[in-house]
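Notes follow once the structure below has been shown.
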């Protein structure tokens, strides 16, 4: 390729030298060498400008122009431009075909996909599902602000969170109120975001059916379990001493089943709520009650202490918070070996909120289990849970109650060194402690 280009340059330079030499000889023959050489030079410059005009026409032409035959540098350049244009058109066709394929694939996706320009928060493109799920239409909503096009949804504060925007779960569709959507914002560059809307109507229906089934079954089990437990209490081991171990095991298992049903009913009630009725939760008597419960469950087998340096109350649902905290305390007592210590702490946090911590010196939990501890019925050790009488629902209840209070559950643990369960409340749920809510709890 380089050799051919060099040959073209040499031929063009040889032709130019030949023209100038011929003009000089002709000028000498007629006695006017310089005028002849000047005219020849002007003719060469004009010829090159004419060739340059041809290059410009090729570059600006809407259609490809066939290169003219020749052997000079301009002919070589003509062929190079023609080949470059041909390759560019081939690449353009491939890119267009790929773009059409991607758009066709996006149009058949069941999820709505919307490309959003970050700075102006305008809609640049959306697929067919966005019309069905979000009510977006061409060309009305092309380049329209997202907040205006989806005015039925709280888009402005959500988009303002940017990369930190949490998915919006279970929101009504602007196109059809009977549809329930999950919205996610995915920043894929500094300039563009992807807004993904998924139809979760059927999922929500199945979830509601599951909740109803669990609630109904749990409710129906309460009566027969009460009857069975009552009859078991009436049986006297003295009549048949050999039955004593069996009766004791039956009573223990019936009590465990009763606790499981009660926990399922509690979760069903929490699932049915989007929020809880808030009231002032007096933390001094609540902490004192938790301490008494822990001591009663421990029966002197552990060292239990309480620290209250926060000196504040909480805004929330008293019964639900008591249930959540009680679950943490009872877990600490059940899983901490005899002679261990359990420490309850209620302190302020750096964000102006408050933390309730339950710390124990139990066997600890391997790190691989920590992310799944709050799942329903998840157990680190099945045998240990059965021996302790746990139902596998306590931490799920805790997480659900804290979620309804916009609080977080943080769990840290180290094997053979114990665990810490921390309930973190933000400043909006902290109230100044009033005199009537104070009580002596220092132990």
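The values are calculated or read from the model by the stated rules, or taken from the named source; none is laboratory data. No experiment lies behind these values; they were computed from the predicted model shown. All Cβ positions, glycine included, derive from the backbone under ideal geometry; neighbour counts span all protein chains shown.
What to note about this one:
- Residue 296, sole failed condition from (1) in the same structural domain as residue 431 (by TED's automatic domain parsing); (2) loosely packed, with under 15 Cβ neighbours inside 10 Å; (3) not in a helix (DSSP H, G or I): (3)
Matching residues to (1) at pLDDT below 75; (2) over 30 Å from residue 182 (Cβ atoms); (3) not assigned by TED's automatic domain parsing to the domain that holds residue 178:
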| position | (1), (2), (3) |
| --- | --- |
| 51 | yes, yes, yes |
| 59 | yes, yes, yes |
| 79 | yes, yes, yes |
| 88 | no, yes, yes |
| 136 | no, no, no |
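- Flag if residue 132 is in a helix (DSSP H, G or I), out of contact with any strand residue (DSSP E or B) (no Cβ under 6 Å at 6 or more places or on another chain) and surrounded by fewer than 16 Cβ atoms within 10 Å (Cβ to Cβ): no
- Residue match in region 240-250 (condition: at pLDDT 80 or above and surrounded by 15 or more Cβ atoms within 10 Å (Cβ to Cβ)): yes
- Filtered residue count, region 307-322, keeping only those that are crowded, with 20+ Cβ neighbours inside 10 Å, at pLDDT below 90 and either in a helix (DSSP H, G or I) or not assigned by TED's automatic domain parsing to the domain that holds residue 342 (or both): 1
- Residue within region 270-283 that is assigned by TED's automatic domain parsing to the domain that holds residue 404, under 44 Å from the mean Cα position of the chain (by Cα) and at positive phi present: no
- Conditions (1) surrounded by 15 or more Cβ atoms within 10 Å (Cβ to Cβ); (2) modelled with pLDDT under 80; (3) part of a helix (DSSP H, G or I); number of the one not met by residue 217: (1)
- Residue count for region 339-382 satisfying the condition of being in a loop (DSSP other than H, G, I, E, B), in contact (Cβ under 8 Å) with a residue 24 or more places away in the chain and either outside the structural domain of residue 322 (by TED's automatic domain parsing) or closer than 30 Å to residue 284 by Cβ (or both): 10.
- Within region 110-120, considering residues that are under 20 Å from the mean Cα position of the chain (by Cα) and in a loop (DSSP other than H, G, I, E, B), the one surrounded by the fewest Cβ atoms within 10 Å (Cβ to Cβ): 110
- Test for residue 148: is it farther than 30 Å from residue 269 by Cβ, without any contact (Cβ under 8 Å) to a residue 12 or more places away in the chain and surrounded by fewer than 19 Cβ atoms within 10 Å (Cβ to Cβ): yes
- Comparison of 347, 401, 333 shows that the only residue that is in contact with a strand residue (DSSP E or B) (Cβ under 8 Å, 6 or more places away or on another chain) and crowded, with 20+ Cβ neighbours inside 10 Å is 333.
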